[in-house]
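Just below is one structure, and these are the notes that go with it.
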Amino acid sequence: MFEIPFLKPKLVVKEDYMGYLKQIDDSRSYTNYGALNTWFEQRLIQELFEGQGSAVTVNNATTGLILAITQIKRPGKYALMPSFTFAATPLAAMWCGLEPYFIDVCEKDWCMNEELLEKEITRLGDGVAVVIPYAAFGTNLDISYYQALQDRGIPVVIDAAASVGSRLTTHFGQGFTGAVVFSFHATKGFGIGEGGLIYSSDKEMINRIRQASNFGFSEERESKQMGINGKLSEYAAAIGLATLDVFELKKQKREQVFEWYMEGLEHLGLLEQGWRLQEVRGSVAYSFLSLLCPEQFINSYFVQKLAAQGVQTRTYFAPSCHEQTLFKSYNRTSLHVTEQICRRIINLPLWEDMNQGHVQKIVRGLIYEG
Ligand SMILES: *Cc1c(COP(=O)(O)O)cnc(C)c1O
């Protein structure tokens, strides 16, 4: 047992969604894109994306990735993606009959290296079925390059699992013509238990995904295309609506914890000691804080040091995908930046009811002798 666990998710409580549940009882409609789900989708578009674009909910982001990849991939063998991502990214590509192809990331933002990616796209030509960048830890990944890929006819599905609530001038993903997949998993910033959202400015694509997510049924309930059941139940939509009601407040609480971390890091001079933050743009809806430890250390030293003080941490994504048994044999570029990051990364707790005392205790654990 840790005094400060890594995660302590806090979803909306039953009192917050009783009113929505009552509507389900009254309507006796429980799923199949019912009234609450429709309302939830419309509110997400209005309240996050300024009324721009289209979106369909899914029962989790992994299903969302599979659906999006299936709908927009072109013929070809490879799904180009970072190795520095969660296993769901390569798994989704494999469920679509594609081979993951791993590309190294940049030192600064920990997202896929576009120069390396461009080289591989040129080399592989028609072999590229889809490109799947990951917006690392919710960052506002610059999508202009990926929009250009889309415009060149190379389909892009962005794994934006942790980016709900992340904004630059607009919400992350707004206006993108490829697919952007968000997660509502309990451990993410917009947690409802299990759930997700596929967003695109391409309404036609979202309509096709909506059908594919309902067994591929046409209006006549005839399967005309490959499908699966990826729908969100009305109960989950009820929790989603209640979450939307208080999302700004929840985000602000985590922003406060983030500010305490920044104060602590500065106060103790930890950046001068060699600690590094991910370089991000805009405001990121963090669900934990990620740092690289000073170069002369490996992260396990600090993981153990903090654990001894009652603080639980993680080292996402170490081992990264290419080091895991299932994905080991797949093609890749040199992954030396990924490997360096994985040697140094440490993720620190950043949950809603943390207080400044918690943060100070954690930050003090990052100091080292000598
Ligand atoms: C959480 C996560 C997923 C999976 O989301 P689910 O909703 O749990 O399926 C996929 N990719 C990344 C990068 C994630 O962090």
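None of the figures in this text is laboratory data; all of them are computed from the coordinates on show. Since this is a predicted model, take the numbers as computed values, not measurements. A quick note on method: Cβ atoms are made from the backbone with ideal geometry, for glycine too, and the neighbour counts reach across all protein chains shown.
State, to one decimal in nm², a quarter of the convex hull surface area for the C-alpha atoms of the chain, i.e. the direction-averaged projected area. Please list the in-between numbers first.
Working: hull surface 75.5 nm².
Directional mean of the projected Cα hull area for the chain stands at 18.9 nm².
Give the percent of DSSP beta bridges with both residues in the range 56-168 that are antiparallel, rounded to the nearest 5. Don't skip to the answer; put the middle values down first.
Details: 1 of 11 bridges.
Around 10 percent antiparallel, to the nearest 5.
Sum up the charges of everything whose Cβ sits under 15 Å from the Cβ of residue 190, counting Lys and Arg as +1 and Asp and Glu as -1, but leave residue 190 out.
Numbers: positive: 10, 43, 167, 188, 250, 251, 253, 254; negative: 16, 41, 47, 194, 245, 248, 255, 352.
My count for the surroundings of residue 190 gives 0.
Could you go through the range 167-174 in sequence order and give the Karplus-derived ³J(HN,Hα) for each residue, using 6.51 cos²θ - 1.76 cosθ + 1.60 with θ = phi - 60°, rounded to whole Hz, and x for Gly and Pro?
For the range 167-174, the Karplus curve yields 9, 9, 8, 10, 5, 3, x, 3 Hz.
Where both partners of a DSSP beta bridge lie in the chain, what percent of those bridges are antiparallel, to the nearest 5?
On the way: 22 of 38 bridges.
Among the beta bridges of the chain, antiparallel pairing accounts for roughly 60 percent.
Could you run the Karplus curve 6.51 cos²θ - 1.76 cosθ + 1.60 with θ = phi - 60° over the range 24-32 and give me ³J(HN,Hα) per residue in whole Hz, x for Gly and Pro?
5, 4, 5, 7, 6, 10, 10, 6, 6
If amide hydrogens are placed 1.01 Å from N in the peptide plane, which non-local residues have theirs closer than 5 Å to the one on residue 86?
The answer is none.
For the chain, what is the mean residue ellipticity at 222 nm derived from helices alone (per DSSP H run of n ≥ 4: -39500 (n - 2.57); sum divided by total residues; nearest 500 deg cm²/dmol)? Please report the intermediate quantities before stating the final value.
Numbers: 11 runs with 140 residues, N = 370.
The per-residue figure over the chain is -12000 deg cm²/dmol.
Specify, per residue and in Å³, the volume enclosed by the convex hull of the alpha carbon atoms belonging to the range 247-364. Write out the running numbers ahead of the final one.
On the way: hull volume 16.5 nm³, N = 118.
That works out to 140 Å³ per residue.
Could you work out the local net charge near residue 17, counting Lys and Arg as +1, Asp and Glu as -1, over the other residues with Cβ closer than 12 Å to its Cβ?
Numbers: positive: 14, 22; negative: 15, 16, 234, 245.
Summing Lys and Arg as +1 and Asp and Glu as -1 gives -2.
Show the residues, 5+ positions off or on another chain, whose built amide H is closer than 5 Å to the amide H of residue 216.
Close amide H contacts, sequence-distant or interchain: 228.
Between residue 328 and residue 142, what is the label-point separation in nm under the 7 Å Cα-to-beta-carbon projection?
Here the modelled spin labels are 3.7 nm apart.
Within the set 73/251; 251/361; 14/253; 22/253, which residue pairs have Cα atoms separated by over 26 Å?
On the way: 73/251 34 Å; 251/361 22 Å; 14/253 20 Å; 22/253 29 Å.
In this structure, 73/251; 22/253 lie more than 26 Å apart at Cα.
At residue 367 and residue 47, where each label point lies 7 Å from the Cα along Cα→Cβ, what is the point-to-point distance in nanometres?
The modelled label-to-label distance comes out at 4.3 nm.
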